[in-house]
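Inspection log for the structure reproduced underneath, given as structure tokens.
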Amino acid sequence: MLNVLRNNETKQTLTAQGHELLVVYRTSDLPKDWAQYAGIVVNTDSEKTLLEIVKKVRCEQGTLSLIPLFVNELHTFQEELLSHTDGKVHIAQVDTIVKKAIKINKRLGQIITPLNLSVYEVQIQFKTLAFLYSRKRLLTPFTSRKSKIGYYFPMLSLWNGDDSLGILKALETMQHGGLITSTFKDHVHLCKNCSGNYLNFKEICPSCHDADIQARDMIHHFVCAHVAPEDDFKKGDHLSCPKCDKKLRHIGIDYDKPSAIFLCNSCTNEFQNPQIQAACFDCEKENSLSELLQKTIGEYSITAKGEQWLLNYHTSLKEEKHSHPASLKGISFPIFKLMARQELKRVAATGTQSTLGSIAFQNDEIEFFNSDMKAAIQAEMEKIIQSYLTDVDLLYSEAYNKFYFLLPDTLASNCERLEQIRYNLSKLLTDNLTDTMPVVMHTHQLKKEDEIDLLLNTL
Amino acid sequence: MLEQIIPEYLNYWSAVGLQKFIRVFWYFVLFEFTRYIMIDYVVYTIFTLTRKKRKARFEKARQALFNENPFVSIIIPGKNEGKHLYKLTKSLAEQTFTNFELIIVDDGSDDDTPTIGKNLEKLGLIDMFIRNEMRGGKASAANLALRFSKGKYIVHLDADCSFDRDAIENILIPFFMDNRIAAVGGNVKVRNYKESLCTKLQAIEYLKTVSVGRIVTSYLGIYKIISGAFGAFKKEATDAIGGWDIGPGLDGDITVKIRKSGYKVYFEPSAVCLTNAPSKFKILTKQRLRWDKSIIRFRLRKHKDVYFPNANFNWATFFSLSENVFYNVILDILWWIYIIDICFNYSGSLQFIIPMNFTLYFVMNYVQMLSISFFSERSKEERFLWPYVIFMTLYTGTYLRIVRTCAYYKEFFFKRSFEDPWNPYKSSVQAKRAGL
Ligand SMILES: [Zn+2]
Ligand SMILES: [Zn+2]
Ligand SMILES: [Zn+2]
């Protein structure tokens with residue numbers, strides 16, 4: 001494997017294992033269509049340049065924005081800036097970089113951009129999930145004074161930094177939908193009027209709400225039990241008790257200061273517990289503490305359901321490629337299709353309830369195995385599935401990670417066997433492999449207006 | 001056996017003439033009978049005869065009170081009283097007199113009192129909640145409340161008390177009867193009198209000494225202790241004397257101080273407050289030791305000047321303190337002398353004398369209970385206590401007397417009250433050094 005640093009038409013690229021990485025020095029180095037490269041390595045010491053490039057790439061639409069983007073480790077940048085990239089790399093170790101890029105690209109390849117990306121909520125949801133899925137990482141917000149709510153989000157804030165609250169709300173929606181989960185990181189308190197986080201906390205008089213208040217020590221004269229604010233005891237430059245006229249000499253011996261009390265210079269009210277108010281620097285709104293908007297900032301990660309959401313798009317838009325040979329032991333694809341069509345006719349005629357379904361999962365480890373190994377795994381999986389099927393059920397195994405089944409006279413919603421299949425396959429994978437994604441199962445109840453070809457493509 | 005003893009007993013006493021009877025029971029005849037039976041009934045007779053006049057005077061003062069509607073500060077100093085505060089604010093919200101502020105002083109509580117207090121202040125149920133992180137003792141806490149009071153009158157309460165609906169109104173009325181009255185004591189009764197024998201006996205005792213005793217002494221102008229649980233003061237008078245001094249016994253002390261500065265002190269039986277008495281004798285003993293020590297400390301030591309003719313001499317103050325000292329300290333000593341006298345001179349007749357003594361006290365206690373029911377505004381409920389009056393001879397005659405003697409001995413010879421943890425050490429050291 002040859003690592004070449006080539007200069008062709010002012011473009012520099014790195015090549016390894018047949019994959020080409022683009023090296024970018026200036027913003028202008030970035031071509032319109034960078035999708036042809038396996039990844040981009042930014043080689044600059046300018047924070048401004050890196051930010052421009054990162055912004056330009058990550059603000060693109062769809063998966064184009066998620067291309068592997070590395071930074072030459074020779075230069076140091078703030079963590080928050082690096083959080084938008086795929087990290088620092090040693091530019092001489094092209095193999096390593098390429099390996100990283102392939103890993104990301106492979107997962108990106110499983111994702112197909114949804115059609116309604118122009119809808120803001122879909123865009124933010126898709127990019128968040130795709131970013132999390134392809135990088136297998138957490139979305140960890142970082143503190144920033146530039147953000148209105150005090151926190152920035154990797155990648156998301158790049159194209160919508162002004163609306164951190166909007167991003168937060170979108171994340172909350174995704175979390176409620178079960179697409180992502182979060183672990184607690186922080187609470188932020190925001191102005192009830194403008195959601196700003198730049199607040200001035202101050203103690204105010206509970207009576208007139210003026211901030212012109214002043215704390216005074218209380219003095220307790222032990223011998224006569226007189227207690228009053230320090231001002232009452234002040235006589236010239238020394239302290240003297242107004243009750244017994246004795247001079248106070250030694251704190252802890254003849255007097256002490258058991259507490260303090262506030263005096264309001266505006267209304268002369270005296271009190272020990274001032275109210276706390278948060279004044280917004282942005283809109284000048286005075287918030288009481290209970291009025292502040294409390295938001296939870298979390299570290300987000302994608303859930304099985306979130307992956308399902310991404311992979312659904314994946315399977316729905318893939319070209320038909322069911323021209324595989326017959327499965328190892330079971331029936332061939334044409335036969336499976338034929339049987340399914342016949343079952344559909346039966347459903348249309350008799351009104352019986354039958355189910356067509358698929359099982360799929362992703363695993364990078366198996367992907368690198370040789371074809372014999374893969375075949376063995378496929379057979380093992382098939383055996384497990386078959387053990388839960390009845391004589392009339394049909395199974396077609398397309399690959400080690402994709403199976404179709406037909407269950408005549410069976411409704412998926414009350415079929416415990418399916419859950420057992422999913423559970424046992426998941427267990428087999430997690431017990432034997434370190435790096436597994438959940439087993440995803442789709443089912444569909446056949447209706448007379450269905451088209452089998454279409455169904456098999458979308459399941 | 002019994003058939004022999006009773007005739008013999010009756011024979012013995014019928015053969016004894018009145019002279020010898022008085023000689024043997026001189027203590028009872030001279031002190032107990034005159035004080036608790038004679039004076040009570042004389043005062044009750046006068047009270048009945050003047051009822052109409054007194055009622056009219058009280059009504060007139062009530063009108064004056066509501067015409068002026070003065071601003072009143074209710075102050076409640078205490079430690080770890082948070083659990084009582086909510087109930088207390090509810091009890092006060094029911095009062096017929098409403099123009100008051102509520103000031104709570106938390107004297108270094110180590111429970112959740114600060115949280116409760118701050119919350120009630122925020123909710124507006126308390127006007128001012130002041131917390132001292134370091135405990136300073138009851139007097140300093142009361143003084144702190146006094147410093148921030150804005151009222152013309154100060155009403156001092158204990159947090160665990162509850163009040164009749166007209167209690168605040170009634171405790172303020174005497175100020176409008178006589179301008180020279182600067183302090184009014186409320187009528188404190190035992191709320192938990194059904195809880196145990198200990199609380200029942202205290203309930204009877206409170207009725208006797210606190211209720212009736214104070215009506216009588218107040219009438220005679222020698223009323224001496226305004227209870228800390230429920231007392232009202234003119235702000236100008238408390239300010240003039242610098243508020244409370246270090247206790248224990250600060251209730252009696254401030255009463256004397258107010259008297260000394262030329263004001264009158266009054267007891268108002270219709271201002272009723274209920275409090276919880278200790279339900280175990282062990283705790284009661286501790287409480288009484290503290291109270292009894294303070295008589296020596298304050299009446300005999302700190303305020304000894306009232307017994308000598310000087311510029312400030314006042315007969316009422318002199319009698320007030322003298323009566324107090326006489327009926328407590330002197331009579332206590334005389335009682336022991338009496339015991340010795342009887343044991344020494346009549347050692348052969350003790351089997352007749354002791355039962356007779358009990359009989360006399362037994363009869364006296366019930367006669368006295370009858371006079372109490374004449375005075376009391378809730379005599380019906382108090383009939384519950386009548387069967388227990390039988391124990392009073394043992395309770396006041398023996399138990400309380402022994403406790404008192406212990407207290408006097410410890411205080412007189414060792415000034416033990418300065419070591420009482422009731423006050424923080426820092427204050428006690430200074431008070432002892434200053435000879436207070
Ligand atoms: Zn604002
Ligand atoms: Zn104010
Ligand atoms: Zn002093």
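List the relative contact order of segment B:45-279 as a percent without decimals, with contacts defined as Cα pairs under 8 Å and 6+ residues apart.
RCO, segment B:45-279: 24 percent.
Can you give me the long-range amide H partners of residue A:12? Hydrogens built in the peptide plane at 1.01 Å from N, cutoff under 5 Å, separation of 5 or more residues or another chain.
A:23
With each run of n ≥ 4 DSSP H residues scored as -39500 (n - 2.57), what mean residue ellipticity at 222 nm is computed for the protein assembly as shown after dividing by its residue count and rounding to the nearest 500 deg cm²/dmol?
Only helices count here, giving -12500 deg cm²/dmol.
Would you please calculate the Kirkwood hydrodynamic radius of chain A over all C-alpha pairs and express it in Å, rounded to one decimal?
Working: mean 1/r = 0.0360 Å⁻¹.
Answer for chain A: a Kirkwood hydrodynamic radius of 27.7 Å.
In nm, to one decimal, how far is the residue B:276 label point from the residue A:432 one, both placed 7 Å along Cα→Cβ?
With each label point 7 Å from Cα toward Cβ, the separation is 7.1 nm.
Rounded if a/c is under 1.5, else prolate if a/b is larger than b/c, else oblate: which is segment A:3-110, with a ≥ b ≥ c the root eigenvalues of its Cα gyration tensor?
Note, shape of segment A:3-110 comes out rounded.
Less than 17 Å from a label point 7 Å out along the Cα-to-Cβ axis of residue B:68: which backbone N atoms in segment B:166-189 qualify, by residue?
B:168-185
How large is the direction-averaged shadow of the alpha-carbon convex hull of segment A:333-458, in nm²?
7.7
Taking each residue in A:258-265, count the Cβ atoms of any other chain within 10 Å of its Cβ, then average. What number comes out?
Shielding by partners across A:258-265 averages 4.
Please go through the residue pairs B:189/B:286; B:79/B:293; B:280/B:410; B:83/B:122; A:257/B:282 and name each one whose alpha carbons sit more than 26 Å apart in this structure.
A:257/B:282
Extent of segment A:45-185 along each principal axis, from alpha carbon coordinates, in Å, largest to smallest?
Rounded to whole Å, the extents work out to 44, 37, 28 Å.
Given N residues in chain B, what is Rg(Cα) / (2.2 N^0.38 Å)?
Against the compact-globule rule of thumb, the ratio is 1.04.
Please turn the phi angles of segment A:338-350 into ³J(HN,Hα) values with the Karplus equation 6.51 cos²θ - 1.76 cosθ + 1.60 (θ = phi - 60°), one per residue in order, whole Hz, x for glycine and proline.
Taking θ as phi minus 60°, the curve returns 4, 4, 5, 4, 5, 4, 4, 4, 5, 4, 4, 7, 9 Hz for segment A:338-350.
Tell me, how many Å apart are the Cα centres for segment B:190-239 and for segment B:376-429?
One Cα centre to the other: 13 Å.
Please compute the Cα-Cα pair-distance distribution of segment A:127-201 with 5 Å bins starting at 0, giving whole percents from short to long.
Answer for segment A:127-201: a P(r) of 3, 14, 26, 26, 18, 8, 3, 1, 0 percent.
What relative contact order, as a whole-number percentage, does chain B give when Cα pairs under 8 Å and 6 or more residues apart are counted?
17
Return the carbon/sulfur percentage of the accessible area of segment A:358-423, one whole number, probe 1.4 Å, all protein chains in place.
The computed percentage sits at 52.
Would you mind calculating the gained length between residue B:304 and residue B:240 on full extension (0.36 nm times residue separation, minus the Cα-Cα distance), in nm to one decimal?
Gain in length upon complete extension: 21.0 nm.
After finding the eigenvalues of the alpha carbon gyration tensor for segment B:271-388, what semi-axes result from the square roots of 5 times each, listed largest first in whole Å?
They are 30, 26, 17 Å, listed from largest to smallest.
Compute the helix-to-body angle for A:94-109: its Cα long axis versus the longest principal axis of chain A, expressed 0 to 90° and rounded to tens.
With both axes taken from Cα atoms, the answer is about 80 degrees.
Rounded to the nearest Å, what's the spacing between the alpha carbon centres of segment B:262-302 and segment A:58-72? Just the number, please.
Centre-to-centre distance over Cα atoms comes out at 84 Å.
Report the antiparallel proportion of the DSSP beta bridges in the protein assembly as shown as a percent, rounded to a multiple of 5. Present the calculation step by step, with values, prior to reporting the outcome.
Numbers: 75 of 109 bridges.
Of all bridge pairs located within the protein assembly as shown, approximately 70 percent are antiparallel.
Count the net charge of all other residues whose Cβ sits under 14 Å from the Cβ of residue A:44, scoring Lys and Arg as +1 and Asp and Glu as -1.
Result for the local shell: 0.
Just to confirm the number: angle between the C-alpha axis of helix B:250-260 and the first principal axis of chain B, 0 to 90 degrees, nearest 10?
90
Round to the nearest 0.05 the FRET efficiency obtained for residue A:383 and residue A:457 when R0 = 35 Å and r is the Cβ-Cβ distance.
Computed FRET efficiency for residue A:383 and residue A:457 comes out at 0.85.
Where does the protein assembly as shown land on Rg(C-alpha)/(2.2 N^0.38 Å)?
1.58
Between residue A:210 and residue B:406, take the C-beta separation as r, use R0 = 51 Å, and let me know the FRET efficiency to the nearest 0.05.
That pair, residue A:210 with residue B:406, gives E of 0.30.
Please tell me the relative contact order of chain A in percent, rounded to the nearest whole number, where contacts are Cα pairs under 8 Å and at least six residues apart.
11
At what distance in angstrom do the alpha carbon centres of segment A:377-431 and segment A:107-142 lie from each other?
Computed from Cα coordinates, the inter-centre distance equals 30 Å.
For residue B:358 paired with residue B:122, estimate the spin-label separation in nm (one decimal), with each label point 7 Å from Cα along the Cα-to-Cβ line.
Placing both labels 7 Å beyond Cα along the Cβ direction yields 6.1 nm.
What does the average come to when, for each residue of peptide B:121-128, you count the partner chain Cβ atoms lying within 10 Å of its Cβ?
2
Restricting the calculation to Cα positions, tell me the Rg (one decimal) and the Dmax (whole number) of segment A:206-273 in Å.
According to the Cα coordinates of segment A:206-273, Rg and Dmax are 13.3, 38 Å.
Per-residue HN-Hα couplings for segment B:329-336, Karplus 6.51 cos²θ - 1.76 cosθ + 1.60 at θ = phi - 60°, whole Hz, x for Gly and Pro?
For segment B:329-336, the Karplus curve yields 6, 4, 5, 5, 5, 4, 4, 5 Hz.
Mind checking the angle between helix B:2-15 and chain B's longest principal axis? C-alpha axes, 0 to 90 degrees, to the nearest 10.
With both axes taken from Cα atoms, the answer is about 90 degrees.
Among B:291, B:335, B:26, which one moves the most in a GNM of chain B with springs linking Cα atoms closer than 10 Å?
B:26
Ratio of alpha-carbon Rg to the 2.2 N^0.38 Å globular estimate for segment B:145-292, to two decimals, please.
Rg over 2.2 N^0.38 Å, computed on Cα atoms: 1.02.
Cross-link partners among lysines for residue A:337, C-alpha distance below 25 Å, same-chain residues fewer than 8 apart left out?
A:318, A:321, A:329, A:345, A:374, A:383, A:402, A:447, A:448
For residue A:48, which aspartates and glutamates qualify as cross-link partners when the Cα separation must be under 16 Å and same-chain residues fewer than eight apart are set aside?
Of all the aspartates and glutamates, those that pass the test against residue A:48 - Cα under 16 Å, at least 8 places apart if same chain - are A:29, A:79, A:80.
Give, as a single signed number, the net charge of other residues whose beta carbon lies under 11 Å from the beta carbon of residue A:196, with Lys and Arg counted +1 and Asp and Glu -1.
On the way: positive: A:148, A:192, A:285; negative: A:282, A:284.
In short, +1.
Using the Kirkwood formula over every pair of different C-alpha atoms, what hydrodynamic radius in Å results for segment A:168-292?
Averaging 1/r across every pair of different Cα atoms and inverting gives 18.3 Å.
What FRET efficiency comes out for residue A:374 versus residue A:411 if R0 is 45 angstrom and r is the Cβ-Cβ distance? Round to the nearest 0.05. Each step should come with its number before you reach the end.
On the way: r = 33 Å, r/R0 = 0.74.
Efficiency, from the Cβ-Cβ distance: 0.85.
The values are calculated or read from the model by the stated rules, or taken from the named source; none is laboratory data. Fair warning: this is a prediction, and the values are worked out from it, not measured in the lab. So basically every Cβ, Gly included, is an ideal-geometry build from the backbone, and we count neighbours across all protein chains shown. Each accessible area value is taken on the protein alone, full model and side chains, heavy atoms only, with ligands, DNA and RNA left out. Shrake-Rupley method; radii C 1.70, N 1.55, O 1.52, S 1.80 Å.
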